[in-house]
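Please read the structure below before turning to the comments.
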Amino acid sequence: MDKMRTFVQDLVMTTGQTDASSATTSALQSLSCGDDSSYFMSYAHHAIHDEMLKDRVRTESYRDAILQNSALFRDKVVLDVGCGTGILSMFAAKAGARSVIAVDMSDVVYQAMDIVRENKLENVVSVIRGKVEEVSLPVDKVDVIISEWMGYFLLFESMLDSVLYARDTWLVEGGHMFPNYCSLSLVAVSNSRKHRERIGFWQDVYGFQMSCMASVVVKEAVVETVDPEDIISTEATVKELDLNICSSAELDFTSDFSLKVTKNCLLTAVVGSFDIRFDLQHPVSFSTSASQRSTHWKQTSFYLREPLAVCQGESLALLLCEF
């Protein structure tokens, strides 16, 4: 799981100039976290659940996908991986599931147990504390797996490895994954003010130069809300995952792609977002793109060390890799 939550990206932009040193700008971004105990402990804090539940795009998309496809839940056994407060489990119960098994490693499961009882669903929803890779389920197989596993930039602090383990261990042949498809995309943006505030700031800190700090800061991805007016390129999809069949090995990937610049300006960052799909009889989807309704995931910005002058119509060749 730690490997899945440490997503290091190298974005190399070449503009086709003959001088390779001036044609290439790189931004190394490191998204890392501590051990599993720190990860699970973070989800014991109520503030994070408050934020997720109040994210209407997220929560209502799951609700609609489950209730609008209730035929897939009626009289079925459902596994909720990383159940949190149990909201998805209760949606599944409302959709007619015969049994819902909710699993979470964090201490929030004790609140989930109370919430299930408060809503008189204890005869349908059972809550288990533990890692999905280690728990014993009261059934041999389940018909449906639901999980809100996505992290920032889709894969940072995600539970996808646990979800795939659960799928391979317990999902019946022909069972259903909620969601079942996702994609990761990148666009170029221009915002000189933000770049000055984050990177340029270190050139003059109360009269002192701290340029070495800029070299450190530029390696850190920034989770922020991006103004759609700052987008200066087409969008490129760099990874698509079919959660019905994908493996953990597919998350170690390299992607060559290009972005077509739409205006003359200074390129200051490359921004990542993701799309989630419930591709079913009654499809539901949502996007964390800057051009769509805001979510708690916002967008993930990878700032360049120095702004890069680009021209409308120009193609930027990029490489996205993990190392």
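The values are calculated or read from the model by the stated rules, or taken from the named source; none is laboratory data. What you are looking at is a predicted structure, and each value in this text was computed from that prediction instead of being measured. Quick reminder, even Gly has a Cβ in these numbers, built from the backbone with ideal geometry, and neighbours come from all protein chains shown. Keep in mind that these areas ignore ligands, DNA and RNA; they rest on the heavy atoms of the full protein, side chains included. Shrake-Rupley method; radii C 1.70, N 1.55, O 1.52, S 1.80 Å.
Counting every pair of alpha carbons in segment 73-210, the share spaced more than 26 Å apart comes to 37 percent. Considering only protein heavy atoms, what per residue accessible area in square angstrom results for the chain with a 1.4 angstrom probe? Per residue, the chain has 46 Å² of solvent-accessible surface.
When peptides 81-90, 139-148, 109-118 are ranked by their average number of other Cβ atoms within 10 Å per residue, the highest-first order is 81-90, 139-148, 109-118. When shorter helices are ignored and each DSSP H run of at least 4 residues is given -39500 (n - 2.57), the per-residue value for the chain at 222 nm works out to -6500 deg cm²/dmol. Its Kirkwood hydrodynamic radius, worked out from the mean inverse distance over all distinct Cα pairs, puts segment 278-323 at 14.9 Å. For the chain, the convex hull drawn through the C-alpha positions has a volume of 142 cubic angstrom per residue.
Derived from the Cα gyration tensor, the three semi-axes of the equivalent ellipsoid of segment 126-170 are 21, 11, 9 Å, largest first. Largest to smallest in accessible area, the residues 149, 202 fall in the order 202, 149 (1.4 Å probe, all protein chains included). With the convex hull drawn over the C-alpha atoms of segment 174-236, the volume per residue is 138 Å³. For residue 100, the residues 5 or more places off, or on other chains, whose built amide H falls under 5 Å of its own are 78, 125, 126.
Calculate how steeply helix 109-118 sits against the longest principal axis of the alpha-carbon atoms of the chain, using the helix alpha-carbon long axis, and give the answer as 0 to 90 degrees to the nearest 10. Helix 109-118 sits roughly 50 degrees off the main axis of the chain. Dimensions of segment 41-141 based on its C-alpha atoms, expressed as ranges along the principal axes with the largest first, amount to 35, 33, 25 Å. Were the residues from residue 309 through residue 262 laid out at 0.36 nm apart, the gain over their Cα-Cα distance would be 15.7 nm. About its Cα centre, the dipole of the chain is roughly 660 debye, where the only charges are +1 on Lys and Arg Cβ and -1 on Asp and Glu Cβ. The phi torsions of segment 269-274, fed into the Karplus equation with coefficients 6.51, -1.76 and 1.60 and a -60° offset, translate into couplings of 6, 10, 10, x, 8, 9 Hz, rounded to whole numbers, with Gly and Pro shown as x.
Within segment 225-307, the trypsin sites (Lys or Arg not before Pro) that combine a DSSP coil assignment with at most 14 other C-beta atoms in a 10 angstrom radius are 263, 293. Near residue 299, the amide H atoms lying under 5 Å from its own belong to 224, 225, 226; only residues 5 or more places off or on other chains count, and H is placed 1.01 Å from N.
Each residue of segment 251-260 was assigned a 3J(HN,Hα) from its phi angle through the Karplus expression (A = 6.51, B = -1.76, C = 1.60, θ = phi - 60°), giving 7, 9, 9, 10, 9, 8, 7, 9, 10, 8 Hz with x at Gly and Pro. So what J values fall out for segment 49-64 if you push phi through Karplus, 6.51 cos²θ - 1.76 cosθ + 1.60 with θ = phi - 60°, rounded to Hz, Gly and Pro as x? Values per residue, Gly and Pro as x: 6, 4, 5, 5, 5, 7, 6, 5, 4, 4, 5, 6, 5, 5, 4, 5 Hz.
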